[in-house]
Each structure stands twice: as C-alpha cells, then as structure tokens.
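To keep things clear, I will list the structure first and then write my remarks on it.
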Amino acid sequence: MRLRSLRIDGFGRLADRTFAFGSGLNVVIGPNEAGKSTLAAALVASLYGLQRGEKDRWRPWTGTAFATALTYETSDGAQWEVHRALERDTKGVRVFDTAGADAAARLGLGKNLSPGDVHLGISLDVFVQTACVRQRAMAFDSGTAGQVSTALAHALDGGPKEDAALGALKRLEDAQREHVGTKLAHKNAPLKRLRDLEADQVRAAADARAALERQSSLRERIVAERMKRDRAAAGATQLERRIRTLRASRLRARLDALKEYRDELAALQTARAAFDDVATFAAERVAALDDAWYSWRSSESVADAAARAVAEEALTAAESEELAERRRDAGTFDEAGFDALRAACARAETARGHAAAAASEAAGARRDGDGGSPGGVLIGAALAATVADVGVAIAHLWLWTAIAGAIAVAFALAAFAGARARTARRRDADARQRAADAALAEESAAAEAVVRVLAPLGIATIDELAHRRERLRMLTVREQAAFKAQARAHTAGAAAQAEAARFDALADSVVPDVVADRDARRAAARRRANRRRERDGLDAGLAMLAMQRSNILHGEDDFAVQAELDALLAAGVEPATEDDPLTLRALEAERAELDARARDAERSVAALEGELRGGEENVPDIAALDEELAATRREIERLDAFDRALKLARTTIDARKEEAHRAFARRLEEYSAGVLGTITGGRYGEVRLDPATLAIRVRVPETGAIEELDRLSAGTRDQIALVVRFATARMFAEGLETPPLLLDDPFAFWDAERIARCLPILVHGAERAQCIVFTASAELAAAAAASGGTTIALDGALVGKA
C-alpha cells in the first residue's frame, strides 16, 4: 500500500490542510508542537478509525468539521479514497474505488467498515505494533505478540498452511462446541448437560432410597409418640385427683383468710373516720409554711440587729452640735487651703530660726571686732622691745641690739594684721545683723498672714486648726455610718414585713379558720399535718388490705371461690389436711407439662401419619432411576472420549503452528541481521526473536553472550527495534499488502552518527515499503531530500491553538 494524499478538514490542531506523499521516503518536518504526531494519528484514524477514548483527544481545536479524506493505492494498482466523518464513529466512513463508485458494500465487515483491515489484512493492533512507530515506543508490545505472530506467519510462504491450520482449529472448535461444549458455554453444552443430568439422577436415586428409609423411620416414630402420649395422659389423670384435694383445702384457707380480712378492714375504717376533719387538709403545704415562718423570724432578727446598730452609731446632741461648729470653722478649709496655711506657718518658723541664728552670729562677730587686748599687748611689747633695743644700743651690745630690733618689728607687724582683722569682723557682723533683720521681717509677714486667717475663726494656732479638722473628719465618718445603719435598718424592716406578709398569705390558705398570732397559726398547721399523716397511714393500711384481698382471691370473686369449694365438696372431694401452695403449684405445673406432652405427642402422631401417607404416594421407582443413570453415564463416557480426541488433534496442530512461527522468526532474524550490522557499524550482527512474545535479543561482542535489549543503551535498543520493524514490513510484503511505515520522530534521542548510519537503511527500505518519517531535525530532512526523499513542512501553516 502506498499513501498518496490526506486532506484534513479538522483533526486536533490541524485544520483545512492537504498533504501529498511520495512513493518512497517521506520526511515530515516541523518544530515541537507543530502537529507531527497529530498527522500520524490522522493517517491511522483514516485507515482504521479512532480507538476507544481518542475522540475527545483529537477533536478539532477550532470547531471545524471532524473529518479526513485519505487516498491510497494497493499493490494491484487499484486506487481507493476513504472519507471519514470521525464524529460519527463507524457510521461516518465511506470508501470509493478507482472509478469513484461506493465500495463500502464490498469492503464491509459486518457493522464495521475498516479499509485497513481489508486491504492490509492486519488488525489495528498489529498495524500499530509493526508499521506505526510512535515516540519512544520503538519495541513491540508483548500484549499483542500473539496477533503479530499470526499475521506474520500468514504473510510468509507458509500462509496457506497457516490458513489450513487455522481452519482445522476452527473446525475442531466448532465440533467441540456442537458435540461437547466449552467450559463457558451455557446454551450449547451437551457434555455439561449430561453431567448435570447425571448429578440430578444420582441425587434422585439417593433421594428415593432416603425416602424409603424415612418411611420406615416414620412408622417407628409414630409408635413411640403414641406410647409417649398414653403415658402422659395417665400421669395427668393421677395428678388431677391429688390437685382437686389440694385445691379444696386451698379454697377453704382462702375463705378463712378472707373473713379475717373483712374484720381488719372494718377496724381500720372505724379508726379512719376519726380523722375526717383533716381529710382535705393540704399537709404538703406545711413545709412551705415552716420555711416562711423561719424566714420571717430570721428577717425579724436581722431588723432588730439593724435597729440596735442605728442606736449605737447615732451621734449625741453634743456631738451633733460639735459637728456643726467644726463645719463652721475647720470645715471652711479644703485640703489645698489647709496645706497653704501650713506652708505659711512653716515659712514663719523657718524665718524665725534664720533670724535667731543670724542675730547670734552678728553678736559674736561684733564681740570679736570690738576686743583690743591682743593688739595692745602687741603694741606694748613692740614699744618695750624698742626701748630695750635703744638701751642695748646705748650699751653697745650690737648683737642683742639686732635681736631686739627684729622682735620689735615682728610685734609691730602682728599689731597691724590684728587691726585689719578686726575691721573685717566688724563688717561681717554688720552683714549678719542685716540678714537677721530681714529674717525677722519675713517672720513677721508670715505670722501676720496666718493670724489674718485664723483670728476670724477664733483659732490661735495652726495645731489647734489641725486638731479641729481631725475631729471634723471623725464626726463626719460616724455621721455617715449612722446614715448607712439607718438604711440597713429600713431595708431589714421592709424584708421582715415582706416575709411576714408571705407567711400570713400561706397561713390564710392552709389554716384560714385559725385567727391568732403567727406562732399559734404555725402550731395549729403542724398539728393538723400530723393528723393528716396519721390518716394517710390508715389509708396505706387500707391499700395494703386491698392488696391482701387481691392476693387471697387472685382476681376471682369471693362468691365464685365459695361456689367452687361447695362444688368440690358436693363431688365427694375431701380437703387435704395440708395446705402448701408450693406443692399445689408444683403439681399443677407438672400436670400442665404432662398435658402439653400429651398434646405434642398427639400432634406429632398426626403429622407423622400425614407425612407417611404422602411419602407412600410419592416414593419413585428406584430400579428405573438406576437404569436411566447407567444410560447417562455411557453417553458421558462416549463424549469424554470424543473430547480427548479433539484435544489431541488441537495439540498436534498447535505444535505444527508453533513450528511455522519459529520458521518466520528465523526468517525475521535473517532479514534483520544484515541491516543491523550496517547501522551499528558492524558491532551487532546476530539477532534472536521469540515468536511467542516477540522479545528481541542480540549477541554482545564483548561477552559473546545473547543478551536482552534492556542491557543495551537506549539508542542501540531503538536501532535494533527499527531494523526489526523494516524486516517485519518486508515479511508482510511476501504474502500480504505491504503496509506503509509511519515513524513518529524515532530519532529524537539519536546522535548524528547513528542517524547518518541509519539514513541509507531508511532510503533502501523505502524502496520496498513507503516510509513516512516525522521529525524536528532539519539535518535529517535535508539529508533525506538529498537522497531523493519527499519533504513536507508543517510550520507556517498551523491552524488553531499555538
């Protein structure tokens, strides 16, 4: 098959594009995301349709018609044109032949129309695994290995043998389905039906034999149940006679107890009548009345204590008069005024101290300045020294004259210095006197200011004012405490009155006929409550008597009990001397149990007799069942032998088919070995292929061992897988239509050397099978064009999303 052109109305990112393909090597070039994989998918979808789940993936981005038109040529020279409306799945495909006639009827495969299946002779899965190489998926998928192996074996020279084998296998399968049946078959399964019939017949025979055994067992059980019934009935009759005597004794005891009950009831009713005056008294409200009384007494105590506190806290008349006076004198000062007045007094005291100190210092300085004895002595000494000096001089004692002269000069100097000091002290004394006078003047001014404030109030000193202010504070605190005590007393009195009113209201509702003080009304209510409790106790006794009567009669009427006793006595039953209720109840329970056993045995006899009659009518013929089972087993043995013969034939054909598959595997290895040596530079030249799994192995030159592809590098694995792909296409060409090879960027991870070695293989392979390579490599496109290949550029014509 050679693809000629593809028109895309809308497929993924491609829209309104037409692509023409050459007969040999075609290189579709475009950058990443240009639509190369989209174009490859459109070619596959045009031949086979979309796979499940791919419709939404390849829906047009721009909203154009989801459709393609593919033109191709088969090896017989016929040209075909496939139009697909991909939105409609299998119903949207039309195929036209060379003359333009509709060829759908000639190519249809039931409800599905797939030109790829018809013209290529391989399914979509086989095509994708052999002729369509997608990105990073160069190797075969082991999941479809069986389909690929069958297709390759059919394409070789042994294809007719493969067809014959397949035909034989089909006939064997048909024979097995028709005469034996498969394990999963439900409608046509003769052997399974026979085995089911055998099982049913075995069960029927076993059921028949079991039924006979049950009939015999039923007869034995009926005899046993009848004996059980008779024994139970006899025991129940004996117990009934004893029960009647105990019953008569019990009835007589109950009537005696009933007489005692009536006497006690009359006595209690008489005692209860004495308390009729409190029959309607609400005794349950006395507790609330007591609470109200205690609350009232407590409130009265609190009110009395508050009144005493008022008396204790109240001011006397003298204290009230003193408080008024203190408010008129000491109370006229606020804290700021009093602090200012105290500050003035402090300044006067400070000034007085300064004046006294200054006066004392001035007097001392004045005394020092006025004293002359030291100076006079010095002057006298100086004069004496002078006279002595003169005398000595006269006496011509010059040494002593010099000493005396020096002494005289010293005394003179000392006298002069003393005179100057006295002058300075006199000046200092004058200054100190002036300071003392100023301090006295300041003291006088401060004292006059204090006197001007205190004199109108009749207060002599600031200390007296402070004392009066302290007294004012104390009396004010006591006055405020008296006011608070009066408020508490008023509140306590109101609470006491409220509690008294609450008690009176309760007392009016509980003892409205008692008119007295609260204590008396409370006492009267308590007395009536006690009487009401006594009456309730009598009512409880009456209730207990009613329960006693119920226990005596057990829900029966006393006249009925008397009548039953009379009937027993009339029937000649003598009451027993003992009266043990436990013995009577035990006998009655035992009799009831015996009656129940007798009834159960009677019902069992009836049921067993009915089952026996029904079983006798339905017991099958065991001999006939055994004959039918033997015939069924003979038929099963015949079909088992036929099934073993079919399996032996299938095993033989599968062995021959496996030999054919090994043959195509050897030829595929031969086709691949030479090409592999070329593209790998002679490094790898021996290939092994498993026909069952299509797993590829190669001989590694370093070790000489056959290794799996997983042991090799990614690029080498892709090279070997590509070679096998070309070999597969060559094998298809020998017996089927040659499929076009679609290589979606298989060299994305190849280096330049690998691509250079592989390009001749592509060109050579494209001479036998059309090859379309999708790539982003400009170098590869240029090299392919130089080798005569067709180049198709995708960039510059993209439609829709970027």
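The values are calculated or read from the model by the stated rules, or taken from the named source; none is laboratory data. Being a predicted model, the structure only gives us computed values, none of them experimental. Glycine gets a Cβ as well: all are built from the backbone with ideal geometry, and neighbour counts include every protein chain shown. Surface accessibility is based on the protein's heavy atoms, side chains included, excluding ligands, DNA and RNA. Shrake-Rupley method; radii C 1.70, N 1.55, O 1.52, S 1.80 Å.
Just the residues that are of a type in the set (A, V, I, L, M) and more than 18 Å from ARG666 (Cβ to Cβ), please, taken from region 712-732. Break it down into steps so the answer makes sense when it comes.
Restricting attention to region 712-732, the residues satisfying the condition of being of a type in the set (A, V, I, L, M) are 712, 714, 720-724, 727, 729, 731.
Result: LEU712, ALA714, ALA721, LEU722.
Of (1) farther than 30 Å from VAL202 by Cβ; (2) in a helix (DSSP H, G or I); (3) modelled with pLDDT under 85, GLU611 satisfies all except one. Which?
Unmet condition: (1).
Name the residue, out of ASP277, ASP329, ASP304, that is closer than 21 Å to ALA481 by Cα and charged (D, E, K, R). Walk me through how you get there before you give the answer.
Details: ASP277 fails: closer than 21 Å to ALA481 by Cα; ASP329 fails: closer than 21 Å to ALA481 by Cα.
One residue alone meets the criteria, ASP304.
Hey, among ARG531, ARG526, ARG535, which residue is outside any loop (DSSP other than H, G, I, E, B), open to solvent by less than 70 Å² (accessible area, probe 1.4 Å), charged (D, E, K, R) and in contact with a helix residue (DSSP H, G or I) (Cβ under 8 Å, 6 or more places away or on another chain)?
Just a single option satisfies the conditions, and that option is ARG535.
For region 277-309, what are the residues that are under 22 Å from GLY537 (Cα atoms), open to solvent by 60 Å² or more (accessible area, probe 1.4 Å) and either of a type in the set (Ser, Thr, Tyr) or touching a residue at least 60 places away in the same chain (Cβ under 8 Å) (or both)?
ASP277, THR280, ARG285
In this structure, is ALA248 of a type outside the set (Ser, Thr, Tyr), touching a residue at least 40 places away in the same chain (Cβ under 8 Å) and under 30 Å from ARG634 (Cα atoms)? Break it down into steps so the answer makes sense when it comes.
Working: of a type outside the set (Ser, Thr, Tyr): yes; touching a residue at least 40 places away in the same chain (Cβ under 8 Å): yes; under 30 Å from ARG634 (Cα atoms): no.
Judged against the criteria, ALA248 is not a match.
Within region 767-802, restricting attention to residues that are at pLDDT below 80 and of a type outside the set (Lys, Arg), which residue is surrounded by the fewest Cβ atoms within 10 Å (Cβ to Cβ)?
The selected residue is ALA802.
Among all residue pairs at least 6 apart or on different chains, which show Cβ distances below 8 Å where the first residue, located in region 194-219, is under 14 Å from ILE636 (Cα atoms) and in contact (Cβ under 8 Å) with a residue 40 or more places away in the chain and the second is open to solvent by 70 Å² or more (accessible area, probe 1.4 Å) and in a helix (DSSP H, G or I)?
GLU198/ARG633; GLN201/GLU628
Which is assigned to a helix (DSSP H, G or I), out of contact with any Lys or Arg (no Cβ under 6 Å at 6 or more places or on another chain), at pLDDT below 80 and open to solvent by 40 Å² or more (accessible area, probe 1.4 Å), of ALA355, ALA359, ALA346? Break it down into steps so the answer makes sense when it comes.
Values: ALA355 fails: open to solvent by 40 Å² or more (accessible area, probe 1.4 Å); ALA346 fails: at pLDDT below 80.
Sole residue among the options that is assigned to a helix (DSSP H, G or I), out of contact with any Lys or Arg (no Cβ under 6 Å at 6 or more places or on another chain), at pLDDT below 80 and open to solvent by 40 Å² or more (accessible area, probe 1.4 Å): ALA359.
Consider ALA516 against the criteria (1) over 27 Å from ALA303 (Cα atoms); (2) small (Gly, Ala, Ser); (3) not in a helix (DSSP H, G or I): it satisfies all of them except one. Which criterion is unmet?
All conditions are met except number (1).
Would you check if ALA500 is within 60 Å of the chain's Cα centre (by Cα) and not charged (D, E, K, R)? Outline the logic, then answer.
Details: within 60 Å of the chain's Cα centre (by Cα): no; not charged (D, E, K, R): yes.
Against the criterion (within 60 Å of the chain's Cα centre (by Cα) and not charged (D, E, K, R)), ALA500 does not qualify.
If GLU443 satisfies every condition in (1) under 17 Å from ARG347 (Cβ atoms); (2) not in a helix (DSSP H, G or I); (3) not hydroxyl-bearing (Ser, Thr, Tyr) but one, which is the exception?
Condition (2) is where GLU443 drops out.
Tally time: how many residues in region 541-570 are farther than 22 Å from ASP263 by Cβ and either in a helix (DSSP H, G or I) or at pLDDT 80 or above (or both)? Working first, answer last.
Here is the first cut: in region 541-570, the residues farther than 22 Å from ASP263 by Cβ are 555, 563-564, 566-570.
Restricting the remaining residues to those that are either in a helix (DSSP H, G or I) or at pLDDT 80 or above (or both) gives 563-564, 566-570.
Within region 541-570, residues that are farther than 22 Å from ASP263 by Cβ and either in a helix (DSSP H, G or I) or at pLDDT 80 or above (or both) number 7.
Go through region 193-220 and give me each residue that's crowded, with 17+ Cβ neighbours inside 10 Å and either under 18 Å from SER604 (Cβ atoms) or touching a Gly at 6+ places or on another chain (Cβ under 6 Å) (or both).
Selection gives LEU218 alone.
Within region 253-263, is there a residue that is within 30 Å of LEU553 (Cα to Cα), of a type in the set (Ser, Thr, Tyr) and modelled with pLDDT of 80 or more? Explain how you work it out, then say what you get.
Pass one, region 253-263, residues within 30 Å of LEU553 (Cα to Cα): 253-263.
Filter again for of a type in the set (Ser, Thr, Tyr), leaving 261.
Going one step further and asking which of them are modelled with pLDDT of 80 or more, we end up with 261.
Yes, that holds for at least one residue.
Among the residues of region 301-330, how many are in a loop (DSSP other than H, G, I, E, B), under 28 Å from GLN497 (Cα atoms) and of a type in the set (Asp, Glu)?
Within region 301-330, residues that are in a loop (DSSP other than H, G, I, E, B), under 28 Å from GLN497 (Cα atoms) and of a type in the set (Asp, Glu) number 0.
Give the residue, chosen from LEU14, LEU3, that is under 30 Å from MET731 (Cβ atoms) and touching a strand residue (DSSP E or B) at 6+ places or on another chain (Cβ under 7 Å).
Numbers: LEU14 fails: under 30 Å from MET731 (Cβ atoms).
Of LEU14, LEU3, the one residue that is under 30 Å from MET731 (Cβ atoms) and touching a strand residue (DSSP E or B) at 6+ places or on another chain (Cβ under 7 Å) is LEU3.
Considering only residues of region 308-353 that are among the small types (Gly, Ala, Ser) and touching an Asp or Glu at 6+ places or on another chain (Cβ under 7 Å), which is farthest from LEU475 (Cα to Cα)?
Among residues in region 308-353 that are among the small types (Gly, Ala, Ser) and touching an Asp or Glu at 6+ places or on another chain (Cβ under 7 Å), the one farthest from LEU475 (Cα to Cα) is ALA351.
Open to solvent by 60 Å² or more (accessible area, probe 1.4 Å), of a type in the set (A, V, I, L, M, F, W, C) and over 30 Å from SER249 (Cβ atoms), is that true of VAL510?
Values: open to solvent by 60 Å² or more (accessible area, probe 1.4 Å): no; of a type in the set (A, V, I, L, M, F, W, C): yes; over 30 Å from SER249 (Cβ atoms): yes.
Spelling it out, it is not the case that VAL510 is open to solvent by 60 Å² or more (accessible area, probe 1.4 Å), of a type in the set (A, V, I, L, M, F, W, C) and over 30 Å from SER249 (Cβ atoms).
Within region 442-471, can you find the residues that are open to solvent by less than 60 Å² (accessible area, probe 1.4 Å) and either of a type in the set (Gly, Ala, Ser) or modelled with pLDDT of 85 or more (or both)?
SER444, ALA445, ALA446, ALA447, ALA449, GLY458, ALA466 - these are the residues of region 442-471 that are open to solvent by less than 60 Å² (accessible area, probe 1.4 Å) and either of a type in the set (Gly, Ala, Ser) or modelled with pLDDT of 85 or more (or both).
Go through region 16-103 and tell me which strands (runs of 3 or more DSSP E), entirely inside it, have 1 or more residues that are in contact with a Gly (Cβ under 8 Å, 6 or more places away or on another chain), within 24 Å of THR738 (Cα to Cα) and open to solvent by less than 10 Å² (accessible area, probe 1.4 Å).
Details: elements: 25-29, 67-73, 79-85, 93-96.
Where strands (runs of 3 or more DSSP E) fall fully within region 16-103 and carry at least 1 residues being in contact with a Gly (Cβ under 8 Å, 6 or more places away or on another chain), within 24 Å of THR738 (Cα to Cα) and open to solvent by less than 10 Å² (accessible area, probe 1.4 Å), they are 25-29.
Suppose we filter ALA576, ALA560 for residues that are surrounded by 13 or more Cβ atoms within 10 Å (Cβ to Cβ), in contact with a helix residue (DSSP H, G or I) (Cβ under 9 Å, 6 or more places away or on another chain) and under 30 Å from GLN238 (Cα atoms); which single one remains?
Working: ALA560 fails: surrounded by 13 or more Cβ atoms within 10 Å (Cβ to Cβ).
The unique qualifying residue is ALA576.
Quick one: what pairs do we get from region 412-426, first residue in contact (Cβ under 8 Å) with a residue 40 or more places away in the chain, second assigned to a helix (DSSP H, G or I) and β-branched (Val, Ile, Thr), C-beta under 8 Å, 6+ apart or different chains?
ALA415/ILE379
Scan region 47-58 for residues that are under 14 Å from GLU87 (Cβ atoms) and touching a helix residue (DSSP H, G or I) at 6+ places or on another chain (Cβ under 8 Å) and jot them down. Walk me through how you get there before you give the answer.
Residues of region 47-58 under 14 Å from GLU87 (Cβ atoms): 49-50, 54-58.
Correct list: GLY49, LEU50, GLU54, LYS55, TRP58.
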